[in-house]
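Notes follow the structure.
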Protein chains: 2
Amino acid sequence: MAKTDWKAEAKELKKQLQRLRGVGKVAKAAKAEKSAKPISPLAPARFPKLPVIAGASFAAVEAGVRYKNRRDVMLVRLAPGTAVAGAFTRSTTRAACVRDCQRKLAMAVPRGSGAAIIVNSGNSNAFTGKAGDVAVAKITESVARSLGLPAARVFSSSTGVIGEPLPYDKITAVVPQLTEALAEDGIRMAAEAIMTTDTFAKAASAVIDGDGGQIRIAGIAKGSGMIAPDMATMLVYIFTDARIAPAPLQRMLSAHMGDTFNAITVDSDTSTSDALLLCATGQSPAKPPKGAVAKAFEAALRGVMFDLAHQVVRDGEGATKFVEVRVTRAQSRDDAQRVAMAIANSPLVKTAIAGEDPNWGRIVMAIGKSGAVADRDRLSIRFGDLLVAEKGWRAKSYDEAAAAAYMKGDHLVISVDLGLGRSARTVWTCDLTHRYIDINADYRS
Amino acid sequence: MAKTDWKAEAKELKKQLQRLRGVGKVAKAAKAEKSAKPISPLAPARFPKLPVIAGASFAAVEAGVRYKNRRDVMLVRLAPGTAVAGAFTRSTTRAACVRDCQRKLAMAVPRGSGAAIIVNSGNSNAFTGKAGDVAVAKITESVARSLGLPAARVFSSSTGVIGEPLPYDKITAVVPQLTEALAEDGIRMAAEAIMTTDTFAKAASAVIDGDGGQIRIAGIAKGSGMIAPDMATMLVYIFTDARIAPAPLQRMLSAHMGDTFNAITVDSDTSTSDALLLCATGQSPAKPPKGAVAKAFEAALRGVMFDLAHQVVRDGEGATKFVEVRVTRAQSRDDAQRVAMAIANSPLVKTAIAGEDPNWGRIVMAIGKSGAVADRDRLSIRFGDLLVAEKGWRAKSYDEAAAAAYMKGDHLVISVDLGLGRSARTVWTCDLTHRYIDINADYRS
């Protein structure tokens with residue numbers, strides 16, 4: 001037997017070890033990335049600077065409803081004279097707090113007393129029977145007592161798991177602490193406290209020149225999964241110091257729901273808890289908006305709604321691409337909506353986008369299944385400016401390499417011109433990735 | 001510097017290496033598993049033994065349309081006197097071959113000449129403009145010449161990628177070879193030739209006693225993704241030797257589509273190519289089915305359709321669970337359908353099932369978003385026999401551990417009783433797993 005050269009052997013083994021460790025490192029990094037909760041690659045660079053809204057103050061604390069080591073309840077106090085408008089999910093199994101908000105908004109309570117909003121994350125208080133109604137009453141009455149308001153002016157939302165009893169005593173226990181902490185600049189903490197599977201806190205604002213001073217708008221939102229159209233989706237709270245009455249406020253809100261929050265979809269699933277409240281404190285020095293100022297105010301409000309709606313899509317569970325679907329020249333508005341949503345909700349279209357595959361055949365499939373009137377030989381499809389298909393087939397100018405390069409972007413525009421009528425519809429969605437499955441196939445996420 | 005004990009060092013390094021290699025092996029195995037095309041865990045144990053259908057012969061060869069090293073075109077020859085019935089996708093962007101089948105079935109061509117079916121996988125010939133129509137004509141005319149049939153009695157299907165020109169010359173080139181190879185026992189090869197993302201070949205059969213002899217039924221199907229309801233989904237070919245005219249054959253087929261192929265969904269996406277052809281050669285020694293025999297024949301036919309439809313779900317892309325969704329006591333049939341499909345198509349319900357999470361809150365969500373009339377306090381939800389929710393909340397008897405154990409099974413029944421009316425609907429689906437993303441986020445799968 002030859003004598004083993006242990007030194008050479010050790011050297012060789014060391015080399016093998018280093019190689020294997022390198023592989024191990026990559027595997028470990030991949031695993032860590034998978035289990036972490038990374039911020040969406042589509043998130044804005046930073047939380048925006050928001051203007052203070054006179055008459056609105058905010059607080060957020062840790063109540064331990066479900067999550068540990070984070071703030072999970074937020075309170076907003078709104079000054080006397082505040083007008084409130086709302087939009088809510090149309091789900092037939094909507095949560096107790098949603099029904100309570102709807103009931104209260106329909107009541108003619110004098111605005112003189114002001115208003116409040118209390119929101120918890122971690123539990124949606126949906127499908128919790130009579131106990132759910134009791135929980136809402138306990139929470140809103142506790143806030144009413146603490147702030148000296150009628151309970152009919154205290155609105156509440158809950159977001160999180162469905163069907164679990166809401167431990168309302170954990171929330172009522174922190175109401176004094178919340179009241180104590182109320183501050184005009186606390187809106188960011190409020191935006192953070194309402195997050196569930198969100199990877200970033202969402203906010204948007206606008207400031208316009210009114211007659212006699214500035215008018216300010218600031219809004220916050222949460223939403224990431226269970227986002228579907230034709231409902232008031234997710235939780236959204238928008239505040240303004242404009243002097244405006246509830247009726248025109250509600251009219252403006254309703255007018256712009258269709259092209260903002262009702263034009264987005266993450267997964268075609270509609271939440272039981274979604275609510276939007278728009279509150280005008282009336283504390284701006286500017287006169288009530290009229291004429292050009294009213295128009296500017298409405299445009300600014302729409303801009304804030306639009307921005308927040310898009311941020312929800314940008315934080316869609318697992319999203320890596322922000323996708324705009326534009327349908328034009330449909331025979332009817334309903335047809336345009338059907339085609340746009342068939343594309344935006346198609347798992348095959350969404351997985352192709354995740355794979356950066358310009359698989360336009362799946363767009364054809366989605367148009368075909370939508371139920372809308374379509375003529376194969378009249379419709380055309382574009383990815384960005386690239387004409388992909390027309391006259392019943394792939395366009396002559398189609399260049400697969402150019403289309404594949406386009407798909408590598410993270411803001412994609414898919415346009416379908418049906419060539420039949422005058423109706424159009426644009427909706428926004430995101431791609432369907434492994435991360436969506438990771439987030440939602442975990443036991444009771 | 002102390003002298004290094006290279007032997008000890010080498011030993012230690014060897015140990016570390018072995019440990020790391022163990023980890024590496026696991027990682028490698030996981031990777032191999034991911035890239036392989038595993039057979040669905042829900043697949044039947046084996047391909048069934050099928051009865052020979054007198055008057056029907058089959059062949060399959062390799063034409064190289066898209067796939068390499070496998071048979072990808074199949075031909076069926078049907079004896080003179082064969083009656084043909086069909087059901088097709090309602091997509092407005094359906095393929096040229098689908099339109100051609102529909103046109104030919106509507107023509108009153110004498111049956112005396114027999115018929116034929118030619119099918120290729122790898123390319124769907126959908127959204128291929130006028131060139132698509134030319135391809136269908138070239139292929140069916142080639143078969144007509146080779147078999148001595150009128151082209152109006154040659155039906156064709158294509159399945160695979162959408163929007164690519166079909167290289168029909170590759171198919172016409174193998175028609176003589178196909179004709180040569182026709183054999184009564186070739187049905188299994190035919191079932192294999194039409195597979196795309198399928199992980200197993202699908203077949204089902206029945207034999208009943210007719211008046212004067214046996215009547216036999218044998219069917220094959222393909223389908224795995226782009227499977228959605230309310231259309232004639234996927235490719236299905238059913239053959240029988242029964243002596244039956246086209247009109248009653250079509251009536252029987254149409255009568256059972258609703259509760260078989262139109263009651264399944266994999267991903268809510270509807271193919272542009274789907275077709276079902278039911279062919280009766282009339283070569284059974286038994287008299288034309290009447291009375292009790294006709295009833296038995298219809299039941300057997302329904303059984304074959306049901307079996308094939310379920311096999312498509314069992315081979316749903318990435319499926320690990322076979323899920324039956326039963327909705328009862330809805331106010332209308334339309335409401336029952338809406339609730340059943342809202343549950344069966346919900347990404348959140350399907351990912352929860354993949355994660356074996358009895359997340360019944362997501363069932364509540366899906367009921368709520370369906371648009372059907374529902375009353376929170378009247379509906380009840382069951383997983384198998386386990387009562388989960390009733391009277392607007394989690395059932396008193398609900399046991400999370402028992403529900404979690406139930407979810408570990410691979411055949412799950414989710415029942416929703418709406419407690420409002422008399423309409424019911426049952427549909428079948430599968431779960432949504434990482435493998436669905438793997439399959440569909442690959443570049444042009």
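Some observations on this one:
- Neighbours by Cβ (under 8 Å, 6+ apart or cross-chain): first from the stretch A:236-247, within 17 Å of A:Val293 (Cα to Cα) and touching a residue at least 60 places away in the same chain (Cβ under 8 Å); second open to solvent by 10 Å² or more (accessible area, probe 1.4 Å) and in a strand (DSSP E or B): A:Thr240/A:Arg216; A:Asp241/A:Arg216
- Residue satisfying condition, being closer than 22 Å to A:Pro165 by Cα, part of a helix (DSSP H, G or I), in contact (Cβ under 8 Å) with a residue 24 or more places away in the chain and open to solvent by 10 Å² or more (accessible area, probe 1.4 Å), within set B:Ala404, B:Ala342: B:Ala404
- In the stretch B:294-304, the count of residues that are within 14 Å of another protein chain (Cβ to nearest Cβ) and surrounded by fewer than 20 Cβ atoms within 10 Å (Cβ to Cβ) is zero.
- Some residue of the stretch A:271-288 being among the small types (Gly, Ala, Ser), more than 23 Å from A:Ser57 (Cβ to Cβ) and open to solvent by 10 Å² or more (accessible area, probe 1.4 Å): yes
- Within the stretch A:141-159, tally of residues that are open to solvent by 10 Å² or more (accessible area, probe 1.4 Å) and within 14 Å of another protein chain (Cβ to nearest Cβ): 1
- Taking the stretch A:372-382 as the range and being outside any strand (DSSP E or B) and either at the interface with chain B (Cβ under 7 Å from one of its Cβ atoms) or farther than 15 Å from A:Asp334 by Cα (or both) as the test, the residues that pass are A:Ala374, A:Asp375, A:Arg376, A:Asp377, A:Arg378, A:Leu379.
- Flag for A:Leu387 being touching a strand residue (DSSP E or B) at 6+ places or on another chain (Cβ under 8 Å) and either within 8 Å of another protein chain (Cβ to nearest Cβ) or part of a strand (DSSP E or B) (or both): yes
- Those residues of the stretch B:361-371 which are open to solvent by less than 10 Å² (accessible area, probe 1.4 Å) and within 8 Å of chain A (Cβ to nearest Cβ), in sequence order: B:Gly361, B:Val364, B:Met365, B:Ala366, B:Ile367, B:Gly368
- Screening B:Lys104, B:Lys138 for residues that are open to solvent by 10 Å² or more (accessible area, probe 1.4 Å) and either of a type in the set (Phe, Trp, Tyr) or over 28 Å from B:Ala245 (Cβ atoms) (or both) leaves exactly one candidate, B:Lys138.
- Inside the stretch B:78-91, residues that are outside any loop (DSSP other than H, G, I, E, B) and either modelled with pLDDT of 95 or more or among the hydrophobic types (A, V, I, L, M, F, W, C) (or both) make up a count of 6.
- Only helices (runs of 4 or more DSSP H) whose full extent lies in the stretch A:116-221 are considered here, and the ones with at least 2 residues that are without any contact (Cβ under 8 Å) to a residue 60 or more places away in the chain are A:129-147, A:168-172.
- So B:Glu317, is it in a loop (DSSP other than H, G, I, E, B) and open to solvent by less than 60 Å² (accessible area, probe 1.4 Å): yes
Yes/no matrix, rows are residues, columns are (1) over 29 Å from A:Gly421 (Cα atoms); (2) under 23 Å from the mean Cα position of the chain (by Cα); (3) not charged (D, E, K, R):
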| residue | (1), (2), (3) |
| --- | --- |
| A:Gly303 | no, yes, yes |
| A:Leu308 | yes, yes, yes |
| A:Phe322 | no, yes, yes |
| A:Val327 | no, yes, yes |
| A:Asp334 | no, no, no |
| A:Arg338 | no, yes, no |
| A:Pro347 | no, yes, yes |
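- For the stretch B:345-359, residues that are within 7 Å of chain A (Cβ to nearest Cβ) and open to solvent by 10 Å² or more (accessible area, probe 1.4 Å) total 4.
- Counted residues, the stretch A:407-421 - those being within 14 Å of another protein chain (Cβ to nearest Cβ), open to solvent by less than 20 Å² (accessible area, probe 1.4 Å) and either under 19 Å from the mean Cα position of the chain (by Cα) or among the charged types (D, E, K, R) (or both): 0
- Any chance B:Phe322 is open to solvent by less than 40 Å² (accessible area, probe 1.4 Å) and touching a Lys or Arg at 6+ places or on another chain (Cβ under 8 Å): yes
- Within the stretch B:159-217, the residues that satisfy the criterion of being basic (Lys, Arg) and either under 22 Å from B:Leu278 (Cβ atoms) or under 25 Å from the mean Cα position of the chain (by Cα) (or both) are B:Arg188, B:Lys202, B:Arg216.
- Residue match in the stretch A:4-11 (condition: in contact with a strand residue (DSSP E or B) (Cβ under 6 Å, 6 or more places away or on another chain) and at pLDDT 75 or above): no
- Considering the conditions (1) surrounded by fewer than 18 Cβ atoms within 10 Å (Cβ to Cβ); (2) closer than 15 Å to A:Val323 by Cα; (3) among the hydrophobic types (A, V, I, L, M, F, W, C), A:Ala424 is excluded by exactly one of them, (2).
Residue by residue, here is whether (1) surrounded by fewer than 20 Cβ atoms within 10 Å (Cβ to Cβ); (2) within 14 Å of chain B (Cβ to nearest Cβ); (3) farther than 23 Å from A:Ala85 by Cα; (4) in contact with a helix residue (DSSP H, G or I) (Cβ under 9 Å, 6 or more places away or on another chain) holds:
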{"site": "A:Val175", "(1), (2), (3), (4)": "no, no, yes, yes"}
{"site": "A:Leu178", "(1), (2), (3), (4)": "no, no, yes, yes"}
{"site": "A:Asp185", "(1), (2), (3), (4)": "yes, no, no, no"}
{"site": "A:Ala193", "(1), (2), (3), (4)": "no, no, no, no"}
{"site": "A:Thr196", "(1), (2), (3), (4)": "no, yes, yes, no"}
{"site": "A:Ser205", "(1), (2), (3), (4)": "no, no, no, yes"}
{"site": "A:Arg251", "(1), (2), (3), (4)": "yes, no, no, no"}
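- Here is the figure for the stretch A:320-335: residues that are of a type in the set (Asp, Glu) and assigned to a helix (DSSP H, G or I) total 2.
The values are calculated or read from the model by the stated rules, or taken from the named source; none is laboratory data. Predicted model only: the values in this text are computed from it and were never measured. A quick note on method: Cβ atoms are made from the backbone with ideal geometry, for glycine too, and the neighbour counts reach across all protein chains shown. Remember, those area values only see protein heavy atoms, side chains included, never the ligands or the DNA or RNA. Shrake-Rupley method; radii C 1.70, N 1.55, O 1.52, S 1.80 Å.
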